[in-house]
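Report on one structure; see the data block that follows.
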């Protein structure tokens, strides 16, 4: 038999995963500074299999405005370069036959605003995920009340507690979003 506490703990765990996923996605947003996290979502067609770039090459940031990609299999340099060029990063790769250099240009005002829009969209998707977890947990608690396994007072307390938990996770998403937006709009 499920208890109110078990439902709450499960919901909290799912909300934590949503926030962690948001944090991971934030790392892929470009801020004008070079970071290998920018390439996390790049998948290269490696002999018919879409493979993450970090499994095909060494990724380095030798200076703040440059990322280097050194493929382990040099024959894949063209495929890697094409994939990066066609991605939504807006980076123009250059290779010397062994290493691909990705110069990270400073963000212009238009690109910054575009990134902030993308940030807001990502934040809203994760807020919706947290709200869906809350809805599912509330439905489970109401079902227990309907089956007379939980008193109405306990149901009300559980729903209030779930709302407080939801508000706390929403605040985490909002705080991360504000920090990243400030970082994106900062001109170096």
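Please treat every number below as a calculation from the coordinates, not as lab data. These numbers come from a predicted model, not from an experiment.
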(Q) Cut-off 10 angstrom, C-alpha nodes, Gaussian network model of the chain. Which of 19, 141, 150 fluctuates the most? (A) 150
Q) What number, in percent, do you get for the relative contact order of the range 19-176 if the mean sequence gap of Cα pairs under 8 Å and at least 6 apart is divided by its residue count? A) 20
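Averaging the inverse of every distinct alpha carbon separation and then flipping it gives the Kirkwood radius. What is it for the range 92-188, in angstrom units?
Computed over Cα pairs of the range 92-188, the Kirkwood hydrodynamic radius comes out at 17.1 Å.
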Q.
Starting from the Kirkwood Rh over alpha-carbon pairs, what translational D in µm² s⁻¹ does the chain have by Stokes-Einstein at 4 °C and 1.567 mPa s?
A. 67
Q | Reduced Cα scattering model of the range 36-103, Debye log10 I(q)/I(0), q = 0.16, 0.26 Å⁻¹ | A | -0.45, -1.30
Q: Using only Cα atoms, tell me the angle between helix 109-146 and the longest principal axis of the chain; keep it within 0 to 90° and round to the nearest 10.
A: 30
Q) Where does helix 77-86 land angle-wise versus the long Cα axis of the chain, in degrees 0 to 90, nearest 10? A) 60
Q: Taking only Cα atoms and a 10 Å spring cutoff, compute GNM fluctuations for the chain and point out the largest among 16, 154, 124.
A: 154
Q | Translational D in µm²/s for the range 138-188 (Stokes-Einstein at 20 °C, 1.002 mPa s, Kirkwood Rh from C-alpha pairs) | A | 161
Q) For helix 4-27, what angle does its Cα long axis make with the longest principal axis of the chain, in degrees from 0 to 90 and rounded to 10? A) 20
Q) In deg cm²/dmol, rounded to 500, what helix-only [θ] at 222 nm does the chain give when every DSSP H run of at least 4 residues adds -39500 (n - 2.57) and the total is split over its residues? A) -20000 deg cm²/dmol
